[in-house]
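The values are calculated or read from the model by the stated rules, or taken from the named source; none is laboratory data. Source: prediction; values computed, not measured. Glycine gets a Cβ as well: all are built from the backbone with ideal geometry, and neighbour counts include every protein chain shown. Accessible surface areas use protein heavy atoms only, side chains included; no ligands, DNA or RNA. Shrake-Rupley method; radii C 1.70, N 1.55, O 1.52, S 1.80 Å.
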Amino acid sequence: MRLQDKAIIVTGAARGLGRQYAIRFAKEGAKLTIADVQDVSKTAELCRAEGAEVIPLRVDVSSEDETQDMARRTHEQYGRIDGLLNNAGMMRGLGVKSILDVDMETWDRVFAVNARGTFLGIRAVFPYMREQGSGTIVNVSSGSTLRIARGPTDMNPHYVSSKSAIIGITRAVARELGQ
């Protein structure tokens, strides 16, 4: 119960790693806000089965208004925000694309979710964390940023570039947030 009564937001929680992170946090005693553009009701059910209090939200992390609302609702419900796990990401359905085959609409959407969504999530929770004098933010990137095209996702310049941007965002804001 290392996270007993900690208020944590998990984005991209409808399935996959986001769901697994949320369930683990629930087992550790966290109060959760789980967010995704897809239905999070199954994740909410699994977290509640572990005894967690859960706020399930439909959130497009690329929307500043929606990320601000997510943070506000979390703070209103729990009185604090102790953690943000910026996990939301766009990877499924991209297919393997050559640099010549990536259309700019897809490029922009991948960056909007993966990079902008990470930045907006940080910006939404930071004022609450600063006010309470504590908080933890974890941004999920990808190992594909560190290797040369071994698997299908590694061969998508839009995906790999957007995940690299997350590393840059994290480094750029670390000093300010760390203070």
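Taking the stated definitions as given, is THR106 at pLDDT below 90 and touching a helix residue (DSSP H, G or I) at 6+ places or on another chain (Cβ under 6 Å)? Please lay out each step first, then the result.
Values: at pLDDT below 90: yes; touching a helix residue (DSSP H, G or I) at 6+ places or on another chain (Cβ under 6 Å): no.
For THR106, the condition - at pLDDT below 90 and touching a helix residue (DSSP H, G or I) at 6+ places or on another chain (Cβ under 6 Å) - is not met.
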Check off (1) in contact with an Asp or Glu (Cβ under 8 Å, 6 or more places away or on another chain); (2) open to solvent by 30 Å² or more (accessible area, probe 1.4 Å); (3) closer than 21 Å to GLN20 by Cα; (4) modelled with pLDDT under 90 for MET91 and give me the number that stays unchecked.
(1)
Tell me, please, whether a residue that is at pLDDT below 95 and closer than 14 Å to ALA13 by Cα can be found in segment 68-88.
yes
List every residue pair whose Cβ atoms sit under 6 Å apart, with the two residues 6 or more apart in sequence or on different chains, where the first one lies in segment 61-74 and is under 19 Å from VAL140 (Cβ atoms) and the second, anywhere, is part of a helix (DSSP H, G or I) and open to solvent by 70 Å² or more (accessible area, probe 1.4 Å).
SER62/ARG116
Residues located in segment 99-116, provided they are in contact (Cβ under 8 Å) with a residue 12 or more places away in the chain and surrounded by fewer than 13 Cβ atoms within 10 Å (Cβ to Cβ):
ILE99
Just to verify a result, which residue in segment 50-76, among those that are open to solvent by less than 20 Å² (accessible area, probe 1.4 Å) and of a type in the set (A, V, I, L, M, F, W, C), is farthest from PHE119 (Cα to Cα)?
ALA52
Go through segment 25-44 and give me each residue that's over 15 Å from VAL138 (Cα atoms) and part of a helix (DSSP H, G or I).
ALA26, LYS27, SER41, LYS42, THR43, ALA44
